[in-house]
Amino acid sequence: MMRARKKGKRILFLCLFLCFCLPAAAGCHGHKGLEPFVVPEDFDESKQYEITFWAKNDTNKTQTRIYEQAIADFEELYPNITVNLRLYTDYGRIYNDVITNIATNTTPNVCITYPDHIATYLTGVNLVVPLEGLAEDPQYGFGGSGLRYDGPGPDEVIPKFMEEGAFGGHDYALPYMRSTEACYINKTYVEKLGYTLPDVLTWDFVWEVSEAAMAQDAEGNFLVNGQKVMIPFIYKSTDNMMIQLLRQRGAGYSTEDGEILIFNDTTEELLYTIAEHAKSGAFSTFKISSYPANFLNAGQCIFAVDSTAGATWMGTHAPLSDISEEKLVEFETAVRPVPQFDTAHPQMISQGPSVCIFNKEDPQEVLASWLFAQYLLTDEVQIAYAQTEGYVPVTTAARESAEYQDYLSRSGEDNELYYEVKLTATELLLNSTEDTFVTPVFNGSASLRDAAGQMIENTVKSTRRGETIDEGYMEELYRDITALYRLDTGEKNGLSASEKADLGPMPLMSVLLLAGIAVVWALMLLYVAVGAARRSFRQKNRK
Amino acid sequence: MKKLALLLLAGALAVLCAGCGNGSGDADKKSEGVMTYEEYVAADLESQVVVETYVQAKQAWWEDKATLYTQDKDGAYFIYDMACSEEDYEKLTQGTKIKVTGYKAEWSGEVEIIDATFEIEDGKYVAEAKDVTSQLGSDDLIKSQNQFVSFKGMTVEAAGQDDAGNDVAYLYKWDGSGQDGDDLYFNVSKDGNTYTFTVESYLCDKDTDVYVAVKALNIGDTIDMEGFLYWYEGVNPHITSVKAAK
C-alpha cells in the first residue's frame, strides 16, 4: 500500500515554455489563435465525437471506478460521444501536461484543474472556453430542455464555488468537488499531555502541545508515545499553510490583479515562529518527512494537517493506510478546522477539483465536451464521488438529496463508506463553507502559491541544518524565492486574467521564433512549388 | 625476445582489463574531503555530505533536477532532485563517476541525498547485482538500501482482485487505481513471507522489458529479479529485470 512521491519527468522547463511556446502555439492558429467558441444551435447527433477527459484521483480505486462508470453511463445517453479517460494523481502533472500539449494543439477536451492553472492557459488566445454562454443556453445549459440527463438547475451550483472559477469577466471553470484542509488529531495523546482539545484550535495551542510532546527520557524515547520518533505537528501542504496564516493575520499575499505582497513583515514573523518549532523538532512538513497520515497512524504525530480529501488515510482504523499493521497505534482521532488566530472568525482555504473545457476548431466537439462536463454535476456522480473522501458536492441538488442526507446520517456505521473521520471532515466543510476563501487568480498565481510554500520548506530545512534564521537569512530567502519563482517582473506579476485581452506586443524571442517558422514554411512551399514546376516541365517535354 | 614480448603483452592486457569491466579499481579511491560509505552511513541526518559515487540508473529529470540511483563498491546513495541541467543529465550514463555535495535526509525510511550539486569525474563502475534473497525480512536488509540487488526463486502471489473479483498478478498503482503506464505493483513470496515490489514507471516505463514482463506474470510463477533496494515505509524494491527462475 504505497503512495509514491512523484513529481514528473523530462518536461521542458516550464518558464521556457511559458515564455516561448504558448505565444508560438497561438501563432500556429494565426496571431489571434482559435476562433472564439460560439454555442451551436443544435448538437449534431449524426456525427461521432471522441473527446478526452484528463481527470485527477487521490490514488483511490473507487474514484477511478466512478469516473469509468460516469463515462459509461454518459456514453449510453450519448452514443455519438466517446470519452477517453486519462488519470492523474497530481494537479501539477495535469498542469504541466496541458502546457506541453498546448504547443502541439493536443490539449484534452475536458480537464480537471485549478483556477490558478487556467490563468496560465489563458495566455493562449481562445484556448479555454468561457462557460457562461453554455451554462445559460436554453437547450444545453443548466436545466436545459435538450439534455438527456437531469443536470443541475440554473441556481443549483453553489454560487460561492462557481465564483471561484470566474475571472476576467468569464466563467472558466465548473466546480467539480470541494474540500478544505483539516487538522487530524491524536486526541488520546493531547489528553495524555494534560490538555483539553478545544472545538477550534489556535496556533498557540498547537505549538504549545507540540512542544510539550517533545519531552524525552534518558534513552531518547518520547514520553508521550514511548518511541524514538515523534514529530508532533506535520503540515502536508505548506503553500496552503502560508496562505491561510497570512489570510488569518490580515497580511498581504497578492492583489486581485497580480501585485505580489507576500514579502512582508508578517510573513517574516510567521517564519521565525515556524523556525522556532522546527528547531525543537516539533514541526515538519510532508516534503521533508513524509505523509502526515503515516506518522499520525504510527503514533508519531499529534496534529496532522491534510486535505479533507485525505480523510480516509487518517486514524487507527482508516480504510487506507501506507504503513504496516504492526506499526499502527490505537488512538482516538479528532477532526478540527485548521488552527486559527481568531477563533470567532475562522478562515480556511477552499480547494478541490474544477473542470475546464478547451476550445477546438469544431464547436460541436466543444459542445460534446460541455455535455460531458455538465454530466459530472449530476446527483449520481456528485454523491458517489463525494463519498470517496472528505469532499462535498458542489450542487445544492446533490447536497439536499435524500441519498446524500442518509449518507451523512450514518457516520461511524463502518470503517469504509461511513468511516467516521471522513464523515466528520465532510461535515466540517459543509458547516464552514462561508468561512472558506480562495486566493486571487492571475497568470503567475500558481507560481506565487508555490513560492509561499517554499518559504516554509526552506526555513524548516535550514533550521534543521543548524543555519541561523535571522534578518539576513530572510533577506536572502526573499531574494532567492523571488528569483526562483520569477516574482520580480514588475509591480504586477504577469497578467491578470482580466487584462488578458490586451496582450500587448509579443516578446522579441516569440517574434523571432514565429518569423523563423514562417521562413521555414516559405522555403518548404518554395521547394514543393519548384519541384512541381520541374515535374510539369519534364512531362511536357516528354509529350 | 619472444618472452619479453609476451610479458609486455600480458602486462598491457592486465592494464587494459583493469580499465575495462566494472572498473572497480577506481571505485576504491576517494578524493580528499570526500566521505567513505561508512562515514556517510555514520553522518547525521540533515548534515552536509560529500560523496563520490557512480551512476547506476537514472529515474527522472524534472525542471533541472535529476533523481539517480548511484553506488560505489561499498554501498549505495539515492540522490533525489539534484540540481542538473538537461545537457548534463544526458552525460550521466551508467557507470559515470560523480562527486555529489548535498544533505543527508530521510523520507519515509528512504535515506537519500537531497539539495545536491554534482560534478562529473573520471572513472567508471557498474555494480553487479547482489543477491539479497536470504536477507528478505531480516534487519540486515536495510544495510543494502538503494543497492543494485537480485532476488532469486520468488513466487508470484496475488496482488489484488480485478473488478470481477478475480485474483490478479499485478496492479496499476498500489490499489489498482491507475492505468497502463503507471507504476506496477506485484507481490512475491519466499519462505511463506510476501513482499510488495514495484516497477517504478519513471525508472522503467511501459515500453521496457521489465514492465512488459511483469504484465505477463501469472500467479504461481517462480521468478528471478534485479532492481534497486528502495525503501518506502519498509522495503519496496524498484525492479528493473524479471525472468523465469533458473
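Here, each number is a calculation from the coordinates, and none is a lab measurement. These numbers come from a predicted model, not from an experiment. When we count neighbours, we look across all protein chains shown, and the Cβ atoms used for this are built from the backbone with ideal geometry, even at glycine.
Miscellaneous remarks
- Spin-label zone in segment A:54-91 - amide nitrogen under 14 Å from a point set 7 Å from the Cα of A:R148 along the C-beta vector: A:71-83
- Distance (nanometres) between label positions extended 7 Å along Cα→Cβ at A:L484 and A:N105: 3.8
- The sum of -39500 (n - 2.57) across all DSSP H runs of n ≥ 4, divided by the residue count of the protein assembly as shown, sets its helix-only mean residue ellipticity at 222 nm to -10000 deg cm²/dmol.
- Across chain B, the relative contact order, built from alpha-carbon pairs under 8 Å that are at least six residues apart, equals 15 percent.
- Neighbour-count order for A:M314, A:M177, fewest beta carbons within 10 angstrom listed first: A:M177, A:M314
- Once backbone amide H atoms are built at 1.01 Å from N, A:G33 has no partners under 5 Å, excluding neighbours fewer than 5 places away on the same chain.
- Reported to the nearest whole Å, the Cα centre-to-centre distance from segment B:79-114 to segment A:135-163 is 51.
- Each part reduced to its alpha carbon centroid, segment B:29-45 and segment A:253-323 end up 32 Å apart.
- Förster radius 35 Å - calculated FRET efficiency between A:K160 and A:N264, Cβ distance, rounded to 0.05: 0.80
- Taking the number of Cβ atoms within 10 Å of each Cβ as an exposure proxy, the fewest-first ranking of A:W370, B:W62 is B:W62, A:W370.
- Cβ-based exposure ranking for B:C204, A:C301, in which fewest neighbours within 10 Å come first: B:C204, A:C301
- Long-range HN-HN contacts of B:A159 with modeled amide H, under 5 Å: B:V168, B:A169, B:Y170, B:N187
- Between segment B:50-77 and segment A:324-341, the alpha-carbon center distance in angstrom: 36
- Counted by Cβ distance under 10 Å from A:T285, the other residues give a net charge of +2, where Lys and Arg count +1 and Asp and Glu count -1.
- Net +/- balance of residues flanking A:K187 in space, Cβ distance below 13 Å, scoring K and R +1, D and E -1: -3
- Estimated FRET transfer efficiency when R0 is 45 angstrom, pair A:V38-A:Y527 (beta carbons, to 0.05): 0.75
- Relative contact order (percent, whole number), segment B:22-124, Cα cutoff 8 Å, 6+ residue spacing: 29
- Given B:K152/B:K206; A:K56/B:K206; A:K236/A:K287; B:K173/B:K206; B:K97/B:K130; A:K279/A:K461, the pairs whose alpha carbons are separated by over 18 Å: B:K152/B:K206; A:K56/B:K206; B:K97/B:K130
- In segment B:130-244, taking the dipole from charged Cβ atoms about the Cα centre, the farthest positive-side position among B:V199, B:A158, B:F148 is held by B:F148.
- Summing charges over all other residues whose Cβ lies under 14 Å from the Cβ of B:S150, with Lys and Arg as +1 and Asp and Glu as -1, gives +1.
- Between helix B:2-19 and chain B: long-axis angle, C-alpha atoms, 0 to 90°, nearest 10: 50
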